[in-house]
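Worksheet for the structure shown next.
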Amino acid sequence: MITRRHVVAHVVTLVVALAAPAALLGGPARAGEPEPFSADAFEAAQKAGRGILVVVSAPWCPICRAQKPILARLSAEPRFQDLVIYGIDFDSQKDLLRRFDARMQSTLIAFKGQTETGRSVGETQPEWIEGLLDKTL
């Protein structure tokens, strides 16, 4: 007899098997996936004058989950190809929250080089997030 537990186990095994080759090859992160925040990489991107988006999120946050596919779609557009996205975990990186004065998860902070150009908290409207990303160009 096949139970729900058997089905779930097979699905998990399949997902792990399909994801493993990409992880083992060390391929690039998927479009819109934030890189883990690195102070050195952030400062280098600022000095290079690049567009930067800092995403403060938490895995339990429904707004953060709603923002994720919007950011993936927008960052895949050619005009945002040079945009660097750094992720900060709301629960475990309190020092970075203080550095960026981020008081809530689902915070998006845009930079053009060393200048902060905009900030959004709890926004899930694609047009408004796109407007924020436009400020990085």
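The values are calculated or read from the model by the stated rules, or taken from the named source; none is laboratory data. As the structure is a prediction and not an experimental result, all values here were calculated from the model. Every residue, glycine among them, receives a Cβ derived from its backbone with ideal geometry; neighbour counts consider all protein chains shown.
Values computed for the structure shown
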read-out: Criterion (over 15 Å from Val55 (Cβ atoms) and of a type outside the set (D, E, K, R)) met by exactly one of Leu137, Leu97; value: Leu137
read-out: Unmet requirement for Asp82, which otherwise passes all of (1) farther than 21 Å from Thr115 by Cβ; (2) surrounded by fewer than 18 Cβ atoms within 10 Å (Cβ to Cβ); value: (1)
read-out: Selected residue (only one of Ala58, Ala23, Ala48 is modelled with pLDDT of 80 or more and farther than 19 Å from Arg119 by Cα); value: Ala48
read-out: Residues that are of a type outside the set (Asp, Glu) and closer than 14 Å to Phe42 by Cβ, drawn from the stretch 66-101; value: Leu83, Val84, Ile85, Tyr86, Gly87, Ile88, Gln93, Leu96, Arg99, Phe100
read-out: Residue that is modelled with the highest pLDDT, among those in the stretch 26-42 that are loosely packed, with under 11 Cβ neighbours inside 10 Å and assigned to a loop (DSSP other than H, G, I, E, B); value: Arg30
